[in-house]
Amino acid sequence: MCLLCVIEAENIYPMKKRNIILFCIFFAVLGLFLESCRSDKQKDETVTEDGQPDPLDSISVVEKYDGGYRTIAVKGNDSLTNVFDNRYTDEQRYVILALNRLDGYRYRSVDSLVVPDSTWSDIKSYSPFPSELETLKDVNKIVIFSYPLQAFAAYVHGKLLRWGPTSMGRKDAQTPTGLHFANWKKEEHISTVDDEWLLKWNFNIMNKEGVGWHLYALPGIPASHSCLRLLEEDAKYLYSFADMWLIEGTDNILAQGTPVLVYGAYDFEGRKPWMALAGNPKANDISVDELNQELQPHIAKILEEQKKRETVEKESTSDAS
């Protein structure tokens with residue numbers, strides 16, 4: 001609004017233009033003050049000081065954001081991108097870009113951003129995933145990727161630990177959906193598709209196919225060669241959070257790693273789903289019933305593999321002692 005005021009002021013009698021500009025600046029400063037007051041929320045508390053995921057009893061339910069959203073045009077508009085850069089703190093920009101499935105290097109190339117009316121610093125407040133799932137109460141850990149929303153969620157015994165943006169397989173190289181299990185991981189891995197691609201915090205979920213999650217560009221659309229791209233903070237977090245498989249030798253799998261569910265389909269011809277938040281703040285909310293429907297066919301298998309792993313770990317501990 002302030003930018004519009006300044007533009008209009010150019011066409012007003014010079015004696016009044018200065019006053020109008022000062023008036024706009026006053027309200028801009030006031031707006032920033034109110035924004036900072038409303039955004040004074042707790043930072044992400046799902047990691048300990050050493051970067052490891054918190055234990056179950058420390059997972060807190062964060063207040064859900066219930067405000068509205070708007071869109072702002074950024075591509076080719078240096079004035080608005082400068083306002084965006086200067087108006088928000090680093091934490092707030094992180095949240096806004098995550099809501100748009102973007103990393104910090106690529107937002108200037110998109111046409112517009114969806115922005116919450118009040119930007120809180122804890123991204124968990126904007127989670128499209130349910131905070132609790134009774135269906136998962138007996139599941140130690142699970143990571144869920146929503147293809148339609150290009151987002152992931154990590155749950156511990158049915159409690160939402162973390163969520164974030166992702167860029168999954170593009171239209172001609174889609175990420176295989178269904179139940180997978182985390183297997184091997186490597187902090188730095190050279191892609192098998194292109195040896196010039198360095199994949200950091202790589203955690204494989206389909207060994208033979210070479211599909212896994214890792215740090216890589218998030219351009220606001222599904223753009224990968226079937227892998228699950230993440231922001232560095234999320235890739236590093238899930239790298240520590242998930243468990244690898246337990247193997248003997250090179251190919252004898254004793255127990256599977258953390259279950260990973262990839263579900264749904266992305267509308268490659270439609271509008272980006274998060275842009276719908278401007279018209280309906282609950283447009284991206286995933287209901288408990290919806291997730292239960294996706295999880296139910298796999299719960300028995302998940303618990304079976306979990307029990308097998310606990311048995312193998314117990315036997316290994318006994319042998320060691």
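Pull up the stretch 61-78, narrow it to residues that are loosely packed, with under 11 Cβ neighbours inside 10 Å and at pLDDT below 80, then point me to the one that is farthest from SER109 (Cα to Cα).
Residues of the stretch 61-78 that are loosely packed, with under 11 Cβ neighbours inside 10 Å, as a first pass: 61, 66, 76, 78.
From what is left, the residues that are at pLDDT below 80 are 61, 76, 78.
Values: VAL61: 35, GLY76: 8, ASP78: 11 Å.
The qualifying residue farthest from SER109 (Cα to Cα) is VAL61.
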Which members of the stretch 232-250 meet the condition of being modelled with pLDDT under 95 and in a loop (DSSP other than H, G, I, E, B)? GLY249, THR250
Take the residues of the stretch 279-321 that are loosely packed, with under 12 Cβ neighbours inside 10 Å and at pLDDT below 95: which is nearest to PHE145 (Cα to Cα)? LYS314
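Pick from ILE205, ILE221, ILE253: which is surrounded by fewer than 18 Cβ atoms within 10 Å (Cβ to Cβ) and assigned to a strand (DSSP E or B)? Give the derivation first.
Numbers: ILE205 fails: surrounded by fewer than 18 Cβ atoms within 10 Å (Cβ to Cβ); ILE221 fails: assigned to a strand (DSSP E or B).
The conditions single out ILE253.
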Under 7 Å by Cβ, and 6 or more places apart or on different chains, what pairs join a residue from the stretch 106-129 that is assigned to a loop (DSSP other than H, G, I, E, B) with one that is of a type in the set (Ser, Thr, Tyr)? ASP117/TYR69; SER118/SER39; THR119/SER39; THR119/TYR88; TRP120/SER39; TRP120/TYR65; SER121/SER39
Looking at the stretch 279-301, I want the residues that are over 18 Å from ASP66 (Cα atoms) and assigned to a loop (DSSP other than H, G, I, E, B) and have a partner that is of a type in the set (Lys, Arg) and at pLDDT 95 or above with Cβ atoms under 9 Å, at least 6 apart or on another chain. Which pairs are those? none
Sort out which residues of the stretch 135-144 are touching a residue at least 60 places away in the same chain (Cβ under 8 Å) and surrounded by fewer than 23 Cβ atoms within 10 Å (Cβ to Cβ), and write them in order of number. THR135, ASP138, VAL139, ASN140, LYS141
Could you run through the stretch 164-211 and say how many residues are closer than 16 Å to ASP234 by Cα, small (Gly, Ala, Ser) and modelled with pLDDT under 95? 0
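Residues being within 22 Å of ALA151 (Cβ to Cβ) and in contact (Cβ under 8 Å) with a residue 40 or more places away in the chain: count how many of those fall in the stretch 244-269. Outline the logic, then answer.
Of the residues in the stretch 244-269, the ones within 22 Å of ALA151 (Cβ to Cβ) are 257-269.
Next cut, in contact (Cβ under 8 Å) with a residue 40 or more places away in the chain only: 257-268.
Number of matching residues: 12.
The values are calculated or read from the model by the stated rules, or taken from the named source; none is laboratory data. Predicted model, so just to flag it, every value in this text is computed and none were measured. Glycine gets a Cβ as well: all are built from the backbone with ideal geometry, and neighbour counts include every protein chain shown.
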